[in-house]
Amino acid sequence: MFPDTDAISDIISDTIKVVFQRRLVDRVLKLWTEKAHGQRFPRRDQIEPSMLGVDWANCLVIAARSPVQFSYFVHVGENLSYTDTPDDSLAGVLLPHLLQVLSEGRCLMIEGRVTLRGSGVLYRGALYPLSDHGSTIDHVLGAANSRPLRENEELISSDIRTKWL
């Protein structure tokens, strides 16, 4: 008759996480930091979709290859997906910053304004390096979300900011 208490606890826990950590990039960074356990990078298998809950729909995983042009998407969440080309998606907005993350070996936050599928949006995303062997980055976790531009916000094509996390 009543839902399992575990299910209710999960719902409450997920709600509290969202309320107290508003930004997707901060929630994913917290998980990334916890899983690193003092290592330089967490392993890819330490980042489970279930740990990210509803945020997994806004995440992607890139298999990093050398040269970087041979890197490819292992996972693209439904909110980041694309039909024909990643250039018209949030996944495509993050991809040009992959080389920076691979060369610096650090998490990078990217935010700005862009036109996606014909509409102007304000977005924020981040890339988080992963390594199965501790030092060489072999995958990169990405997270991003966006909202439509408001009437008083202009689409400025060069308005892209990055910040090392």
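Assorted remarks:
- Within the range 29-47, being at pLDDT 95 or above and surrounded by fewer than 16 Cβ atoms within 10 Å (Cβ to Cβ) holds for Lys30, Thr33, Glu34, Asp45.
- Filtered residue count, the range 47-68, keeping only those that are under 14 Å from Ala144 (Cα atoms) and out of contact with any Ser or Thr (no Cβ under 7 Å at 6 or more places or on another chain): 9
- Residue within the range 138-148 that is surrounded by 13 or more Cβ atoms within 10 Å (Cβ to Cβ), polar (S, T, N, Q), in contact (Cβ under 8 Å) with a residue 24 or more places away in the chain and within 24 Å of Leu31 (Cβ to Cβ) present: yes
- Summed over the range 113-137, residues that are surrounded by fewer than 18 Cβ atoms within 10 Å (Cβ to Cβ) and either within 22 Å of Thr162 (Cβ to Cβ) or not hydroxyl-bearing (Ser, Thr, Tyr) (or both) total 9.
- For the range 92-112, filtered to residues that are outside any strand (DSSP E or B), of a type outside the set (A, V, I, L, M) and at negative phi, the residue that is surrounded by the most Cβ atoms within 10 Å (Cβ to Cβ) is Cys107.
- Condition met for Leu80 (assigned to a loop (DSSP other than H, G, I, E, B) and either in contact (Cβ under 8 Å) with a residue 12 or more places away in the chain or under 21 Å from Glu34 (Cβ atoms) (or both)): yes
- Test: Ser66 is assigned to a loop (DSSP other than H, G, I, E, B), of a type in the set (Gly, Ala, Ser), over 17 Å from the mean Cα position of the chain (by Cα) and at pLDDT 90 or above: yes
- Scoring Leu98 on the criteria (1) in contact (Cβ under 8 Å) with a residue 24 or more places away in the chain; (2) more than 22 Å from Arg40 (Cβ to Cβ) leaves a single failure, condition (2).
- Test: Asp88 is touching a Ser or Thr at 6+ places or on another chain (Cβ under 9 Å) and surrounded by fewer than 19 Cβ atoms within 10 Å (Cβ to Cβ): yes
The values are calculated or read from the model by the stated rules, or taken from the named source; none is laboratory data. This is a predicted model, so every value here is computed, not measured. Heads up, the Cβs are rebuilt from the backbone with ideal geometry, glycines too, and the neighbour counts pull from every protein chain shown.
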